[in-house]
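Everything on this sheet refers to the single structure shown next.
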Amino acid sequence: MGSEQQLEVIKSAKVLMVGAGGIGCELLKTLALSGFHDIHIIDMDTIEVSNLNRQFLFRQSHVGQSKAKVAREAVLRFRPNINITPYHANVKGPEFNVDFFKQFNVVLNGLDNLDARRHVNRLCLAADVPLVESGTTGFLGQVTVHVKGKTECYECQPKPTPKSYPVCTITNTPSKFVHCIVWAKDLLFAKLFGDKSQGNDLNVRSSDGASSSENAEDAFERRTDEDVEQYGKRIYDHVFGYNIEMALGNEETWKNRNRPKPIYSRDVLPENLSYQNGNLEKDCPNGNSSLVSAMASLGLKNPQDIWSLLENTRIFLQALKLFFVKREKDIGNLMFDKDDQLAVEIVTAAANIRAASFGIPLHSLFEAKGIAGNIVHAVATTNAIIAGLIVIEAIKVLHGDTNRYRMTYCVEHPARKMLLMPVEPFEPNKSCYVCSETPLSLEVDTSRSKLRDIVEKIVKNKLGMNLPLIMHGSALLYEVGDDLEEVEVANYEANLEKVLAELPSPVTGGTVLTVEDLQQEFTCSINIKHREEFDEEKEPDGMLLSGWTQPPTKEKDTPTNKESTSSAAQNAVVDVDEVEIVPTNVGVDLGGTKRKLSDISSVATSAPTGVVDATLSIQKPDEVEDDDNDVVVMIDDSSLGANKKKRVQ
């Protein structure tokens, strides 16, 4: 493998792995077999049944246990003489601060979400520890190297964010199946089975005559004299019938749209079968309440079948009944979980019934589960390839072999018979607000927006800060922390509810805010620009952040079940979850079109070195729940323009 000196460097290295999922299992095994003797693993997740097909260190008997701890035990069976330290915890926890990171020679990421990646990137920058990033989706994957002052940091290039939809579109005018899924999952399911104290945009006013009064009852409250079957039909008629009729009353809304059709249970269920019970003996396999299934009790077996309106209606009513009969103790505390069969069934049925009302094509349970759970189906071989590449780059980093660092992309369609595309890393982006401290600009209505809007929508959501501190000059406007006095906490909480222009130190046009995260040891400046009007569709937050590298998010016309990239790769947009190929910083006019994977091949074959000049970024949606990572391929044709990016020499 190498000289004794090289092997000793590997043996003496202290390595931090973040993530023990699809990539993490392969990575831990490869590190152990490559001679690493001191490995630390952080992962907050427990093992689920859906992990077992690719996370080979885990078995059925491990379900429910810590991934980090079980992975350690599995590897020590064949490498008993090495040290593996597991942490069943969130990497964003206070114990994993800059000092913690400073003890490592290199950090290796196998994460599944953008927020945690940004957090680790900033800690590595603050601790001056090299970071090797990675991600896979299907047959695609990448490994990138980030060394402070020498290469781009993880946030130097744009990262897509999860698509959000205006509430009015979800509640009143859905046009795509994903809109129906969001409605069924985030509004209807939450209203039926979630925390009753949480706000909800569903119309809950009863369709009874009393609904015209101020004391109209909540239609979702089950009446004392009402059995579960009567309640189910009443809920069905309210959300799919009455609410649609109410929406149709606004003629202005439907001038340029297709009018939806109200659907009532009496119109769908046969008269002699106004409600058909399923077989309650079949709905709970092995007595496990988490496996309760409306499909099983109704004799529906294939999750890839597209149910008829009648079948969706029966599934909806049966699933609702089963929640009350078999899982009543869970009601009031439930959140949607893609591994909860009954939850997936009722969300699929509800989304399909709503889709039928609005003339949107219906989808199978398999497809609906993929959309609702943000599932990116993984390929174990890709994870293994990427894990090997991570270790190769980690060894280069440990030896200080800067000239040989490579960002490597695993592509589905080979160019020059190559499936792996190595790319020399680029120097830091001088416009990066993270590693180059370039100021940001925020357009906001300072006379209407509150400090809470800035904290939640900008500082936490877009900038990824966990423990923010906000200052205007020497005035401290907001701070969080365990060491604050009660009076300080009260003052900062009061500030959150104040309009920006009415804060103790008023924030108006021209103000410069300093925002800092003490845990990440990260600081940035935000220049405030006052603006009064915003486009509700394009700027739903009512504010616009500039200088924050985010590409436009494309709303897909037909969400797929995300099983594979093979068919989608023939299209202009590779449509697997948020997998897109987008030209950035292009120096010549490419007409704004998105690039096919085949275009990567053409770029690669035309390059003198035979490699693609690309920058591959990763996303998983707030909403990616799978253990493997989403990937966004971004072609950077800046070599064609005047602002050519410099590769690391």
Just the Kirkwood number for segment 440-546, please: inverse of mean 1/r across all distinct Cα pairs, in Å, one decimal. 14.0 Å
Give, rounded to the nearest 20 debye, the magnitude of the charge dipole that segment 440-546 has about its Cα centre when Lys and Arg contribute +1 at Cβ and Asp and Glu contribute -1 at Cβ. 360 debye
Can I get the semi-axes of segment 390-446's equivalent ellipsoid? Compute them from the C-alpha gyration tensor as square roots of 5 times the eigenvalues, in angstrom, largest first. 34, 19, 9
Would you mind working out the magnitude of the charge dipole of segment 1-130 relative to its Cα centre, with +1 at each Lys and Arg C-beta and -1 at each Asp and Glu C-beta, to the nearest 20 Debye? 200 debye
What figure, in Å² to the nearest 10, do you get for the accessible area of Ser175 with a 1.4 Å probe and non-protein molecules left out? 80 Å²
Ranked output for segments 62-72, 223-233 by mean other Cβ atoms within 10 Å, highest leading, reads 62-72, 223-233
On the first, second and third principal axes, largest extent first, how far apart are the outermost C-alpha atoms of segment 289-392 in Å? 54, 36, 24
Toward the positive end of the charge dipole of segment 325-483, about the Cα centre and with charges on Cβ (Lys, Arg +1; Asp, Glu -1), which of Val344, Ile470, Leu420 goes farthest? Leu420
Residue-level accessible surface for Leu187, protein heavy atoms, 1.4 Å, Å²: 20 Å²
So, with a 1.4 angstrom probe, what is the percent of accessible area on segment 440-546 that is carbon and sulfur? 45 percent
With the 1.4 Å probe rolled over protein heavy atoms, segment 440-546 has an accessible area per residue in Å² of 50 Å²
From largest accessible area down, sort Lys159, Lys176, Lys457, Lys529; use a 1.4 Å probe on the protein chains. Lys529, Lys457, Lys176, Lys159
Among the listed pairs Lys92/Lys148; Lys92/Lys191; Lys233/Lys326; Lys159/Lys430, give every one whose C-alpha distance is greater than 24 Å. Lys92/Lys191
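The values are calculated or read from the model by the stated rules, or taken from the named source; none is laboratory data. What you see is a predicted model, and the numbers here were worked out from it, not measured in a lab. Positions of Cβ are generated from backbone atoms using ideal geometry, with glycine treated the same way; all protein chains shown enter the neighbour counts. Accessible surface is based on the protein model in full, side chains and every heavy atom, while ligands, DNA and RNA are left aside. Shrake-Rupley method; radii C 1.70, N 1.55, O 1.52, S 1.80 Å.
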